[in-house]
Amino acid sequence: DRWAEALNAWRDQHHLRQSWRRLAPLLMGMPDDQFTEILHAVSHWLERVAEARQPADGEFLSMVDRIFHASELVEDEGETEALGADPLLAAINDPIGHTTQALISAWHGEDLKDGQGLRKPIRLRFEQVLNSPEPRYVHGRVVLARHGVMLLHVDAEWTTHNLLPWFDWQTRPDAAAAAVWQGFLSAGRLHPPMLVAMKA
């Protein structure tokens, strides 16, 4: 309880850089059972850290991996139950949703250019979110879909082959496709090249 309360307090923008520098090594060394208990607080804190221009480098990516791994240790219901009545709300309140958004925010802090492609460390973690059979990763897919236009700008080929198939009602479970669509439409960006790519 003290850790969760402290992490909530240290999400304040004035403490983020210092809290990251001092707490990341401690959290990485925390036993799995205790880390899992504060998973929501850690992932929400990481999301705020990423917004403070924390680079998507080694230690940050290690924390992303730790949260993903810990999320898999938590007993979860099926994908449909995980989504609930509002997939977007569920995604932004779930550790994998928080962590996927943190990864996007840290990556977005780089000097991104159209067509430059995804860096391998970022690409591999996005692919983990898209390809994992664990039901909880649906929250990460909703977040990725919300940023689909930016992904298409940076790496059109990767986005077309990895993200866009999740929009297909014929090949994906209804709940999964509906969740991805809701994530995408919530961004409110109708980008013509994205619509052309989706039409196929």
**Report entry** Ratio Rg/Rh, restricted to region 104-200 and using Cα atoms, in which Rh is the Kirkwood radius
**Finding:** 0.93
Query raised in the report: So how much accessible area does Ser105 have, in Å² to the nearest 10, using a 1.4 Å probe?
Result: 30
Report summary line: Relative to the chain, whose Cα atoms define the longest principal axis, helix 16-28 and its Cα axis are tilted in degrees, nearest 10, by 80
Query - Percentage of interatomic Cα-Cα distances in region 112-161 larger than 16 Å - result: 38
Report task. Between Ala85, Ala156, Ala175, find the one with the highest GNM mean-square fluctuation for the chain; connect C-alpha pairs within less than 10 Å. Result -> Ala85
Requested in this report: Skip the ligands, DNA and RNA, and give the accessible area per residue of region 118-200 with a 1.4 Å probe, whole Å².
Outcome: 48
Query raised in the report: How much of the accessible area of the chain, probe 1.4 Å, is carbon plus sulfur, in whole percent?
Result: 51
Report task. Considering only Thr100, Thr171, Thr159, give the residue with the highest GNM mean-square fluctuation for the chain, with springs between Cα atoms whenever their separation is below 10 Å. Result -> Thr171
Query - Potential extension, Trp158-Arg22 segment - 0.36 nm per residue separation minus Cα distance - result: 45.4 nm
Report summary line: Between Met30 and Ala6, the two model label points (7 Å from Cα along the beta-carbon direction) sit apart by a distance in nm of 0.9
Query raised in the report: Which entry in [x] 57, 37, 28; [y] 50, 39, 26; [z] 53, 46, 26 is this structure's computed Cα extents along the principal axes in Å?
Result: [y]
Query raised in the report: When the helix-only estimate is applied to the chain (DSSP H runs of n ≥ 4, each -39,500 (n - 2.57), divided by the residue count), what is the mean residue ellipticity at 222 nm, nearest 500 deg cm²/dmol?
Result: -19000 deg cm²/dmol
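The values are calculated or read from the model by the stated rules, or taken from the named source; none is laboratory data. As the structure is a prediction and not an experimental result, all values here were calculated from the model. Neighbour counts are summed over all protein chains in view; Cβ atoms, including those assigned to glycine, are modelled from backbone coordinates with ideal geometry. Surface areas here come from the heavy atoms of the whole protein model, side chains and all, with no ligands, DNA or RNA. Shrake-Rupley method; radii C 1.70, N 1.55, O 1.52, S 1.80 Å.
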